[in-house]
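Asker: Can you keep this structure in mind? I'll have questions shortly.
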Amino acid sequence: MLILTRKRSQSILIGDGIKITIIDVQGNQVRIGIEAPKDLTILREELISEVQEENLKALQVDPNALNKLGEVFIHKNAIPDGEK
Amino acid sequence: MIINTARFGNLQCNKEDIIVFPKGILGFPEEHEFVLLRDVIQAPFAWLQSVTTPHLAFVVLDPWVVCSDYQLDVSKEVEERLDIKRKEEVMTLGIVVIPENPEKMTINLRAPIVINIEKKLGEQIILSCEKYSIRYPILGSK
């Protein structure tokens, strides 16, 4: 891994299209600005495990809740004023 | 062909209906084949059922049903992997979490499933856009 030391407002360039700037440093938090081609996906790494956990959670569907799905969904969406 | 499912027993399916996920679904990298089942659940919901694992099925929903200004930015890489040439080929689904109290159900708008319906190729992508929640309340946040 390449390790560089940067101060606030200093930047790093990666290739032609990517610029990473240290915006602010406070305690153990660093704010980073990223300029990159729009097409590039930039993610916080932990997002992937969050999505994996959410997918796992999605498998546990309560059968009773499932039966009430139509009732709940259509009631709230198709006739939003009806519940008052 | 017959697909064995935990919720619906054995289902007759056409081979052409199988959607291939070359990278699986996040957390399930070995699951490459799914079918979309619409007539066994209240519309507009659908089930995305694994062809190979009977208990593996997700409730899914078109994200625009709950978020009319939803913006889907599909990267060039994904377009290439899914062989997407035209917008009309794309179907987008959000995975739904239904807890005991269905009023609290949520949809994952941050990591939608993108499917090329013509070529039957799919992938779960993660959008860069921070404003889309992994747990967006389908029935509002009250």
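The values are calculated or read from the model by the stated rules, or taken from the named source; none is laboratory data. Every value quoted in this text rests on a predicted model; they were computed, and no experiment measured them. Positions of Cβ are generated from backbone atoms using ideal geometry, with glycine treated the same way; all protein chains shown enter the neighbour counts. Please note that ligands, DNA and RNA were not included when accessible areas were found on the heavy atoms of the full protein model with its side chains. Shrake-Rupley method; radii C 1.70, N 1.55, O 1.52, S 1.80 Å.
Asker: So, residue B:75, is that one open to solvent by 40 Å² or more (accessible area, probe 1.4 Å) and within 22 Å of residue B:131 (Cβ to Cβ) or not? Spell out how you get there, then give the answer.
Answerer: On the way: open to solvent by 40 Å² or more (accessible area, probe 1.4 Å): no; within 22 Å of residue B:131 (Cβ to Cβ): yes.
The answer is no for residue B:75.
Asker: A follow-up question, please. In segment B:102-127, which residues are more than 20 Å from residue B:44 (Cβ to Cβ) and open to solvent by 50 Å² or more (accessible area, probe 1.4 Å)?
Answerer: Listed by number, the residues that qualify are B:118, B:119, B:120.
Asker: Please pick out the residue among B:43, B:6 that is touching a residue at least 24 places away in the same chain (Cβ under 8 Å), within 13 Å of chain A (Cβ to nearest Cβ), open to solvent by 50 Å² or more (accessible area, probe 1.4 Å) and among the small types (Gly, Ala, Ser).
Answerer: B:6
Asker: Additional query: How many residues, within segment A:11-44, are among the hydrophobic types (A, V, I, L, M, F, W, C), closer than 15 Å to residue B:75 by Cβ and within 16 Å of the chain's Cα centre (by Cα)?
Answerer: Adding up the residues that qualify gives 3.
Asker: Oh, and also: Here is a list: B:114, B:35, B:59, B:40. Which entry is hydrophobic (A, V, I, L, M, F, W, C) and either in a helix (DSSP H, G or I) or modelled with pLDDT under 95 (or both)?
Answerer: B:40
Asker: In the list B:99, B:63, which residue meets the criterion of being open to solvent by less than 10 Å² (accessible area, probe 1.4 Å), touching a Ser or Thr at 6+ places or on another chain (Cβ under 9 Å) and not hydrophobic (A, V, I, L, M, F, W, C)?
Answerer: That would be B:63, the only listed residue that is open to solvent by less than 10 Å² (accessible area, probe 1.4 Å), touching a Ser or Thr at 6+ places or on another chain (Cβ under 9 Å) and not hydrophobic (A, V, I, L, M, F, W, C).
Asker: May I pose another question? Report whether or not residue B:48 is in a strand (DSSP E or B) and within 24 Å of residue A:50 (Cα to Cα).
Answerer: The answer is yes for residue B:48.
Asker: Same structure again: Within segment A:41-75, track down each residue that is of a type in the set (A, V, I, L, M), assigned to a loop (DSSP other than H, G, I, E, B) and either farther than 24 Å from residue B:127 by Cβ or in contact with a Gly (Cβ under 8 Å, 6 or more places away or on another chain) (or both).
Answerer: Hit for segment A:41-75 is A:61, nothing else.
Asker: For segment B:15-26, check the following and say yes or no: at least one residue is at pLDDT 90 or above, within 13 Å of chain A (Cβ to nearest Cβ) and assigned to a strand (DSSP E or B).
Answerer: Yes, there is a match, as at least one residue in segment B:15-26 is at pLDDT 90 or above, within 13 Å of chain A (Cβ to nearest Cβ) and assigned to a strand (DSSP E or B).
Asker: Among the residues of segment A:57-71, is there at least one that is within 24 Å of residue B:31 (Cβ to Cβ), out of contact with any Phe, Trp or Tyr (no Cβ under 9 Å at 6 or more places or on another chain), at pLDDT 95 or above and surrounded by 13 or more Cβ atoms within 10 Å (Cβ to Cβ)?
Answerer: Yes, segment A:57-71 contains a residue that is within 24 Å of residue B:31 (Cβ to Cβ), out of contact with any Phe, Trp or Tyr (no Cβ under 9 Å at 6 or more places or on another chain), at pLDDT 95 or above and surrounded by 13 or more Cβ atoms within 10 Å (Cβ to Cβ).
Asker: I'm trying to understand the selection: among the residues of segment B:80-97, which are free of Cβ contacts under 8 Å to residues at least 24 places away in the same chain and either part of a helix (DSSP H, G or I) or within 11 Å of chain A (Cβ to nearest Cβ) (or both)?
Answerer: B:80, B:87, B:88
Asker: Assess whether residue B:77 counts as being more than 9 Å from chain A (Cβ to nearest Cβ), among the charged types (D, E, K, R) and part of a helix (DSSP H, G or I).
Answerer: Criteria not met by residue B:77.
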